[in-house]
Amino acid sequence: QVQLVESGGGLVQPGGSLKLSCAASGRIPSVAVFGWYRQVPGKQRELVANLSNLGRTKYVDSVKGRFGISRDNAKNMVYLQMNNLRSEDTAVYYCNMNSILSNYWGQGTQVTVSS
């Protein structure tokens, strides 16, 4: 079992920054992809960014150049640095861990971008 707990969400003005954190605990496999997804009411959950155990990253086009995903293996933490936030970034953000045998989600953290 793996537990994922997100933190760092909140209210920020357009153009501002937030850093989301995901604390992972439990039996974390060595081969896994950690990702951040987001969801707004009435829409499907979408991938924002992910990071493989080999260090490969993937970003949705709308956040390229503004968001950065990183991982601290020693602390079992995954981060999403979000800069130059826009109103359309408002969503619940979820941490995800996906491996061959398992897929886990955190409970989500709300990010609201508004003046």
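Data table
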{"quantity": "Listed residue (G8, I28, L18) projecting farthest to the positive dipole end of the chain, Cβ model", "calculated": "I28"}
{"quantity": "Portion, in percent, of the accessible area of the chain that falls on carbon or sulfur, probe 1.4 Å", "calculated": "48 percent"}
{"quantity": "Point-charge dipole on Cβ atoms (K/R +1, D/E -1) for region 63-112, about Cα centre, debye to 20", "calculated": "120 debye"}
{"quantity": "Per DSSP, loop trypsin sites (Lys or Arg not before Pro) in region 30-109 with at most 16 further Cβ within 10 Å", "calculated": "K43, R45, R56, K64, R66, K75, R86"}
{"quantity": "Residue-level accessible surface for E46, protein heavy atoms, 1.4 Å, Å²", "calculated": "70 Å²"}
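The values are calculated or read from the model by the stated rules, or taken from the named source; none is laboratory data. Only a predicted model underlies this, so the values are computations on that prediction, with no experimental measurement involved. Positions of Cβ are backbone-derived with ideal geometry, glycine not excepted, and every protein chain shown enters the neighbour counts. Side chains are part of the model used for accessible areas, which takes the heavy atoms of the whole protein and leaves out ligands, DNA and RNA. Shrake-Rupley method; radii C 1.70, N 1.55, O 1.52, S 1.80 Å.
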